[in-house]
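Visitor: I have a structure I would like to understand better, so I am pasting it below and will then ask my questions one at a time.
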Amino acid sequence: MTTHANGDSKMDIEKLTEALEVSLTLAELQAAAKGGKYNVVPIFTEMVADIDTPVTVYLKVGNCNGPKFLFESVAGGENIARYSFIGVKPYKVMEFGSENKCDPLRVIEKELKDIRLMPNRKLPDFTGGAVGYVGYDCVRFFEPTVQVPKEKALDIPDCIFSLYSTVVCIDRVNHTMKIIYNIPLYRLNDYEKAAEKGGKGVTVASLYEDAIREIDSVRARLEGPLPKHKLNKTASNGSKTQDMKDMKSNVGQKGYEGFVDTLKKHIKMGDIIQAVPSQRLQCQLVDVDAFDVYRQLRMINPSPYMFFMDYDSFQIVGASPELLVKCVNGVVTTHPIAGTRKRGITKEKDDALAKELLSNEKERAEHIMLVDLGRNDIGRVASPGTVKVDSLMHIERYSHVMHIVSHVSGKLDKSKTMYDAFRSVFPAGTVSGAPKVKAMQLVNRLEPQSRGIYSGAVGFFSFSGNMDTCIAIRTLAVKDGVAHLQAGGGIVFDSEPTPEYEETMNKMRALGKAIQSAQRMVRKRKNRA
């Protein structure tokens, strides 16, 4: 049981520190501050988590207002990754809308560039940092010649990143969880002048006390009961959630097939080699909220990048199979995905479909082209001679589809940053086309509305100086009780309009099924009440 301090006395904090069994003493923090090498020091306490899940931890810790997130992972769609992360109560939120003229990455870089995190081998690489998304429409900051449609289907910011100093990390291997707080020693400098002028100022001891109280607050919530489920206030009442065939498309089958015909003309004229148009579906959620949908999606379509981000007025739900770009210890990586088939109903049929996909000349040619595009993107920021294809054309299987996947990496050049790497790769060729700029220009003329988060990126820039982002596909946004789904497909010379339209529907099928399953789950819960 947690001991709670009732006052500000030194004795209270000492008792609380002893009860929490934190990883860092005040004396050790004072030594770190005196040394001056690091200005952010992580401190943590560890708890047993053999009966906790990422969902229950999120529900307990995230029962508060303000931005919050849950990140999970199932590598290759089949192997559960070691860590899950939950973050709440960020100390700063950075929003960028259509009216912003400044590259959001420059703002994020400015916030993080002076941070020097003390390493700790007992912690994962990510202990906190900037978490959020970059919408597709932010391409205008990186490539000004690409103008996005002015009409917005969904009124949410083009980009949001929140700075989290408190993170709960669940270790699925050791069945433990750590409550991590990053102590901002840089605040000692921020308040130095105030102290000189007679202000209270900030001391190492006060920063340590803040950390202890924050960890204790999170632990108290984790040891408490699950909060009572609240139905989404904006969801409509009813007995049936729309089937996918009944969901409203922004272009319809005829419109999307028209995109295919138009782009094939440009391919024949030599303007492009490939382009990726998309369509958007939307439906009113019935009696369910966005987290209900996420809970079903994580079971239906386990993926390398599963995420739930709540911004109070809207939510982002996703299970993306595709890494956009990652930079860890100076190595930049991207994982192009191109080539898709529905899953077979038996293992034999599934294996036959995989074999056919890998031997299909059209799919192979399209994939190789996008691998080359990924090599070029990485090559612009990598040291000469370091770019390589680590894995070429292997199959990854997900709930409703299988994909051809390759891995490309390179060593980040000393003159470049991870933000440069993001700009170079964004958006991925698998959601834009080739040549990338021309393909985006043509697609943006066809699509009637801006894409928003779809085909953008979700992920983090960590205090440790690393980055991990996925492509926002198999992703839906929920606002005012309406779910917005979107998917596209690569159009090449011999693409056929109807199969291409059907492929976009298949890619959204897991999202549609998650909505329907969530509604059934909530209906059962209401019947038991």
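The values are calculated or read from the model by the stated rules, or taken from the named source; none is laboratory data. Just so you know, these numbers come straight off a predicted model, no measurement behind them. A quick note on method: Cβ atoms are made from the backbone with ideal geometry, for glycine too, and the neighbour counts reach across all protein chains shown. Quick note on the areas: whole protein, heavy atoms, side chains included, nothing else; ligands and nucleic acids left out. Shrake-Rupley method; radii C 1.70, N 1.55, O 1.52, S 1.80 Å.
Visitor: What's the magnitude of the charge dipole for the range 33-107 around its Cα centre, counting Lys and Arg as +1 and Asp and Glu as -1 at the beta-carbon? Answer in Debye, nearest 20.
Guide: 500
Visitor: A further question follows. Specify which residue in the list 319, 296, 334 is farthest towards the positive end of the charge dipole of the range 261-354, using unit charges on the beta carbon of Lys, Arg (+1) and Asp, Glu (-1), about the Cα centre.
Guide: My answer, from the dipole projection, is 334.
Visitor: Shifting gears a bit: Expressed as a whole percentage, what fraction of the accessible surface of the chain belongs to carbon and sulfur atoms when a 1.4 Å probe is rolled over the protein heavy atoms?
Guide: On the way: 11680 of 23360 Å².
Carbon and sulfur atoms account for 50 percent of the accessible area of the chain.
Visitor: Quick check: Cα centre of the range 463-494 to Cα centre of the range 337-364, how many Å?
Guide: Rounded to whole Å, the Cα centres lie 23 Å apart.
Visitor: Here is a follow-up. For the range 468-529, what does the relative contact order come out to in percent, with C-alpha contacts under 8 Å and a separation of six or more?
Guide: Computed over the range 468-529, the figure is 28 percent.
Visitor: Using only Cα atoms, tell me the angle between helix 252-268 and the longest principal axis of the chain; keep it within 0 to 90° and round to the nearest 10.
Guide: Between the helix axis and the principal axis of the chain, the angle is about 80 degrees.
Visitor: Here's a follow-up. Amide H of residue 381: which non-local residues (sequence gap of 5 or more, or other chain) have their own amide H closer than 5 Å, using H built in the peptide plane?
Guide: none
Visitor: Quick one: which residues, 5+ away or cross-chain, put their amide H under 5 Å from the amide H of residue 49? H built at 1.01 Å from N.
Guide: 176, 177
Visitor: To the nearest 10 degrees, how steeply does helix 10-20 sit against the main Cα axis of the chain, on a 0 to 90 scale?
Guide: Taking Cα atoms only, the helix is inclined about 40 degrees.
Visitor: Give the span of the range 240-339's Cα atoms along each principal axis, as three whole-Å numbers ordered largest to smallest.
Guide: 49, 47, 25
Visitor: While we're on this one: Among 156-167, 172-183, what's the highest-first ranking by average C-beta atoms within 10 angstrom per residue?
Guide: Ranked from most to least packed, the peptides come out as 156-167, 172-183.
Visitor: Round to the nearest 10 and report in Å² the accessible area of residue 356, as given by a 1.4 Å probe over the protein chains' heavy atoms.
Guide: Residue 356 has an accessible surface of roughly 70 Å² with all protein chains in place.
Visitor: Tell me, what is the percent relative contact order of the chain, built from C-alpha pairs under 8 Å that lie six or more residues apart? Intermediate values should be presented prior to the final figure.
Guide: On the way: 1110 pairs, mean separation 111.6, N = 529.
Over the chain, the number comes to 21 percent.
Visitor: On to the next question. How many Å³ per residue does the convex hull of the Cα positions in the chain occupy?
Guide: Spelled out: Cα convex hull of the chain, divided by residues, is 166 Å³.
Visitor: Compute the distribution of all C-alpha to C-alpha distances in the range 297-409, in bins of 10 Å from 0, and list the percent of pairs in each, rounded to whole numbers.
Guide: For the range 297-409, the binned pair fractions read 13, 36, 32, 17, 3 percent.
Visitor: Give me the accessible area per residue for the chain, probe 1.4 Å, as a whole number in Å².
Guide: With the other protein chains kept in place, the chain gives 44 Å² per residue.
Visitor: Would you mind putting 145-153, 500-508 in packing order, based on average other-beta-carbon counts within 10 Å, highest first? Please list the in-between numbers first.
Guide: Working: 145-153: 14.9, 500-508: 19.8.
Packing order, densest peptide first, comes out as 500-508, 145-153.
Visitor: Once phi is turned into θ = phi - 60°, what whole-Hz ³J(HN,Hα) does the Karplus curve with 6.51, -1.76 and 1.60 give for every residue of the range 166-181, x standing for Gly and Pro?
Guide: Calculated HN-Hα couplings, in order: 10, 9, 9, 10, 9, 9, 6, 7, 8, 6, 10, 9, 10, 9, 10, 10 Hz.
Visitor: Count charges around residue 38 for me, please; just the other residues with Cβ under 14 Å from its Cβ, Lys/Arg as +1, Asp/Glu as -1.
Guide: Local net charge: +2.
Visitor: By how many degrees, between 0 and 90 and to the nearest 10, does the Cα long axis of helix 290-300 differ from the longest principal axis of the chain?
Guide: 70
Visitor: Taking the mean number of other Cβ atoms within 10 Å as a proxy for protection, how do you rank 337-345, 38-46 from highest to lowest?
Guide: Numbers: 337-345: 18.4, 38-46: 21.8.
Top of the packing list down: 38-46, 337-345.
Visitor: Hey, what number do you get for the chain at 222 nm if only DSSP H runs of n ≥ 4 count, each worth -39500 (n - 2.57), divided across all residues, to the nearest 500?
Guide: -10500 deg cm²/dmol
Visitor: Holding the Cα-Cα limit at 24 Å, pick out from 362/416; 37/411; 254/347; 60/524 the pairs that are longer than that. Let's see the in-between values first.
Guide: Working: 362/416 36 Å; 37/411 26 Å; 254/347 34 Å; 60/524 22 Å.
362/416; 37/411; 254/347, as the Cα separations exceed 24 Å there.
Visitor: Between residue 359 and residue 116, take the C-beta separation as r, use R0 = 60 Å, and let me know the FRET efficiency to the nearest 0.05.
Guide: 0.70
Visitor: Which three semi-axes in whole Å describe the equivalent ellipsoid of the range 366-436, each the square root of 5 times a Cα gyration tensor eigenvalue, listed largest first?
Guide: Ellipsoid half-lengths, sorted descending, are 23, 13, 11 Å.
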